[in-house]
Amino acid sequence: MRKVVTAKDVADLAGVSKWIVIRTFREGASVSSEKRVKVEEAAKVLNYRPNLLARSLATNRTQQIGILVDDFSNPYKWSFLERFTEEAQERGLVTVLINLNSNFNHVSAVLDAAQRQLDAIVLFDTAFRDEIIKDMQMGEHLPPLYVLAREGQFPDVPSVLCDSEQAMKEIVEHLAGKGYKRPAFLSGTETLQLGLGRALYFQQSWASRNVEVVTTIMAGSYRVESGADAMRCFLNRTPAMLRPDIIMCENDVLAVGAMDVARSEFGMRVPQDMAFVGFDNIPLAAAPSYALTTYEQPRDQMIGRILDMIGGQATKHSARLRGRLIERSST
């Protein structure tokens, strides 16, 4: 069995004390440049790696972050998770993915994370209730909480998200410039703050252009089949002359389902008979079969801001960051 190289082994080879070795690999610790060079050269020869568990006991930090996710069906989350874990690793952090479900809710996840001594918890676009967050923060020794890609309502929990108000202003400006005048908003659920915000800002942007009526269509959830079912029901009950000429979908997944039904079941042309806009810019949105006009969230900036707050490089406060309108042929 291969012998584990210890700090004492490095110290003996470098001709320094074990504590100099420990301080050399401890972030922010003071060590003379001469001794640091000796330690680093000895560590390289011996292929030494610091004991992270021992370091965590000394610093009270595990360099581990929990990220809570309650829905894996939306493709935009995959790219966020990939980039988040990549950026965290570049900063020397390990990400622990926690799947929220009917058997493991937010409270259970946070208490479990506290037992594992995670340094922070990021709630990634999860459908949490504010009272749950408040209850959790009443406990002792809980990791700091952050919200990514969703509005946070509790002042002590910083949130970083795309600026929905700015996004809807840009989208409506684009649509009005194209001559659309009969808008509708296809929402996943009426209970989530993010959906309510986008719908409200969409309505306000049209109202500023003297278009007071925005039709609301409810899908009930954020899945392709939900968008398809909602569009089918709406088109079946709405005469052609009363249908909107543009459907703003809360996200790209709903837009894909709605477009499929409009074209394949009702023979509608996009955008001539009805135009569609999504949100998130998932890979499928760029496919020629959809060519979906959409709004891209500033993923890298959002992730960077969260990790900066966790690492202490930025003050803890909520931020809304500007994204980018992607114009395609669906409008």
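Bear in mind these aren't lab numbers, they're just calculated from the coordinates by the rules spelled out. Since this is a predicted model, take the numbers as computed values, not measurements. We place every Cβ from the backbone using ideal geometry, glycine too, and count neighbours over all the protein chains shown.
Before moving on, here are some points about what is shown:
- Acute angle (nearest 10 degrees) that the helix 252-264 long axis makes with the longest principal axis of the chain, alpha-carbon atoms: 30 degrees
- Residue-averaged 222 nm ellipticity for the chain, from DSSP H runs of 4+ at -39500 (n - 2.57), nearest 500: -13000 deg cm²/dmol
- Put in order of Cβ neighbour count within 10 Å, fewest first, the listed residues Thr126, Thr238 become Thr238, Thr126.
- As computed over the range 164-296, the Cα convex hull volume per residue (Å³): 98 Å³
- Looking at the range 164-296 alone, DSSP beta bridges between its own residues are antiparallel in about 0 percent of cases.
- Taking 0.36 nm per residue of sequence separation and removing the Cα-Cα distance, the Lys18/Glu170 pair yields an extension gain of 48.7 nm.
- Ordering 265-273, 223-231, 67-75 by mean Cβ neighbour count within 10 Å, with the highest value first, yields 223-231, 67-75, 265-273.
- Building the convex hull from the alpha-carbon atoms of the chain and averaging its projection over directions returns 21.8 nm².
- Residues Leu97, Leu186 arranged by fewest to most Cβ contacts within 10 Å: Leu97, Leu186
- Modelled spin-label separation between Leu46 and Arg61, with each label point placed 7 Å from Cα along the Cα-to-Cβ direction: 2.5 nm.
- Computed FRET value (nearest 0.05) for Glu327 with Arg237, which takes r as the C-beta separation and R₀ as 25 Å: 0.20
- Distant-in-sequence amide contacts of Phe185, defined by a placed amide H-H separation under 5 Å and a gap of 5 or more residues or a different chain, comprise Thr215, Thr216, Ile217, Met248.
- The distance between label points at Asp308 and Asn99 comes to 3.4 nm (points 7 Å beyond Cα on the Cα→Cβ vector).
- The angle separating the long axis of helix 164-177 from the principal Cα axis of greatest extent in the chain is about 40 degrees.
- Fraction of antiparallel bridges per DSSP, the chain only, in percent to nearest 5: 10 percent
- Straight-line cross-link reach from Lys8 at under 20 Å between alpha-carbon atoms covers these aspartates and glutamates, not counting any fewer than eight positions away in the same chain: Glu27, Glu34, Glu40, Glu41.
- Centroid-to-centroid separation of the range 88-124 and the range 286-313 [C-alpha atoms, Å]: 21 Å
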